[in-house]
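The values are calculated or read from the model by the stated rules, or taken from the named source; none is laboratory data. Quantities reported herein were computed from a predicted structural model and do not represent experimental measurements. Cβ placement follows ideal geometry from the backbone for every residue including glycine, while neighbour counts extend to all protein chains displayed.
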Amino acid sequence: MQYNYLSNEPLPTKHKYRGNVFVTTFGLDPNKNEPFNYTVDFDLPSLLDSRKAGIKWYNETIQGLNREGKYFLPFASPSEYIPGKHAAYSVSLSLVEIFDGDEFEDVLLGEDYDKMIETMEIEQYLFENLKIN
């Protein structure tokens, strides 16, 4: 359970971060390989520490995919992508709010600029107004 660190009152919601990787050839490689999807949660006692761990994971994952350079087929930028000649990947980091057993995700990294700004505003509210550490 997360607490407001000024009042020590429990919060009605819980928050964590979630990383997601999706890599695919869209089944167009010679062996028709299936896509690869991996999800990891960062749920440390401190939400700020969870955020730091998630951002570190995100950066290391992007670097690793770029260093490897392929998933059965080589990666290409969206403008250079040719179906059957290239693989594609998506990596994202989301802020997850858990309320009454339901989870709601807001993408922090790996999405368009406006969505990322919206999630940063949610984070600012959590860290400043609710005093979550």
With the condition being modelled with pLDDT under 90 and either of a type in the set (S, T, N, Q) or on the phi > 0 side of the Ramachandran plot (or both), I'd like the strands (runs of 3 or more DSSP E) fully within region 28-133 carrying at least 1 qualifying residues.
none
Could you list, in sequence order, the residues of region 77-112 that are loosely packed, with under 15 Cβ neighbours inside 10 Å, out of contact with any Ser or Thr (no Cβ under 7 Å at 6 or more places or on another chain) and either within 14 Å of residue 17 (Cβ to Cβ) or not charged (D, E, K, R) (or both)?
77, 78, 79, 81, 82, 83, 84, 90, 101, 103, 104
Would you mention how many residues in region 23-73 are under 11 Å from the mean Cα position of the chain (by Cα) and closer than 13 Å to residue 94 by Cβ?
9
Matching residues in region 78-133 - criterion: being over 22 Å from residue 48 (Cα atoms), touching a residue at least 12 places away in the same chain (Cβ under 8 Å) and among the hydroxyl-bearing types (Ser, Thr, Tyr):
89, 90
Please pick out the residue among 61, 13, 24 that is over 30 Å from residue 85 (Cα atoms) and surrounded by 11 or more Cβ atoms within 10 Å (Cβ to Cβ).
13
Matching option when the condition is of a type in the set (A, V, I, L, M), under 17 Å from residue 122 (Cα atoms) and touching a Gly at 6+ places or on another chain (Cβ under 6 Å), among 109, 47, 93:
93
